[in-house]
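Participant: Right, I'll just put the structure down here and ask away after.
Rule-based calculations on the coordinates, nothing more; no lab input. Everything numeric in this text was worked out from a predicted model, so none of it was measured. In this analysis, Cβ positions are derived from the backbone assuming ideal geometry, glycine residues included, and neighbour counts consider all displayed protein chains.
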Amino acid sequence: MKTKEFLISFSLFLGVAFLFFNPFFFKGYLPFPGDLLVGHYAPWNSSSYLGFAPGGVPHKAQGIDVVRMLFPWKHFSTQMFKNEQISLWNPYNFSGNPHLANFQTGVFYPLSFIFLILPFNSAWTVFIILQPLLACIFTYLFLRKIKLSWQAAFLASLAFAYCLYLTV
């Protein structure tokens, strides 16, 4: 693989990530579907919100996982590590719940180290933006290794990194 084509592809990956996540760069938003909170709880789910008609507030079955589980779990894990403890048990879910044994908490996920370095909201933004970017880069490297053309590897990398499974 040529260095020039990799640098071009990498630059394009950065550009696509910048376009995909532009509200978080320009407006200072947090990549968090907080608007879904009003779609699930009364009385807000029956009133008008952000220009939506009454009863027409955002509602997605999958999106609420980030609000109810992933974001709070990541915050809990981070606080436990900062207090030099391992989060074996989460007392805040139901009447208590195994935290470390639940693979969805991502306690030892490699990118979780970002949360120990940066403030939580900044770390969350970097964490969310870095995942599709790394998916692009490593998919591209893999596809070039198995001898696909750089154009095919580039398009396949974008298709994988920004598919609904990874972005919702």
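Participant: Can you put Tyr41, Tyr162 in order, fewest other beta carbons within 10 Å first?
Facilitator: Ordered by Cβ neighbours within 10 Å, fewest first: Tyr41, Tyr162.
Participant: How long is the gain from His75 to Phe20 if the chain were fully straight, where each residue apart is worth 0.36 nm and the alpha carbon distance is subtracted?
Facilitator: My answer for the length gained is 17.3 nm.
Participant: Find how much the distance from Ala101 to Cys163 grows on full extension, using 0.36 nm per residue of separation minus their present alpha carbon separation; answer in nm with one decimal.
Facilitator: Gain on stretching Ala101 to Cys163: 19.5 nm.
Participant: Also: Return an integer: the convex hull volume of the alpha-carbon atoms of the chain, in Å³ per residue.
Facilitator: Enclosed volume per residue, from the Cα hull, is 153 Å³.
Participant: List, in order, the whole-Hz ³J(HN,Hα) value for each residue of the range 133-140 obtained from phi through the Karplus relation with A = 6.51, B = -1.76, C = 1.60 and θ = phi - 60°; use x for Gly and Pro.
Facilitator: 5, 5, 4, 4, 5, 6, 5, 4
Participant: To continue, here is another question. Taking 0.36 nm per residue of separation and subtracting the Cα-Cα distance, what length does fully extending Leu141 through Leu155 add?
Facilitator: This chain segment gains 3.8 nm when fully extended.
Participant: Cut-off under 30 Å on the C-alpha distance; same-chain residues fewer than 8 positions from Lys74 excluded. Which lysines are left, in chain and number order?
Facilitator: Cross-link targets: Lys27, Lys60, Lys82.
Participant: Between Asn90 and residues 5 or more places away or on another chain, which pairs have amide H atoms under 5 Å apart, with H built 1.01 Å from N, and which residues are they?
Facilitator: Asn97, His99
Participant: Moving on. Compare Leu158, Leu88, Leu30 in a GNM of the chain, Cα atoms joined below 10 Å, and give the one with the largest fluctuation.
Facilitator: Largest GNM mean-square fluctuation: Leu88.
Participant: Run down the lysines and flag those whose C-alpha is under 23 Å from the C-alpha of Lys4, throwing out any fewer than 8 positions away in its chain.
Facilitator: Lys4 reaches Lys145, Lys147.
Participant: Quick one: net charge around Lys147, please, counting Lys, Arg +1 and Asp, Glu -1 for every other residue with C-beta under 15 Å from its C-beta.
Facilitator: Net local charge, Lys147 excluded: +2.
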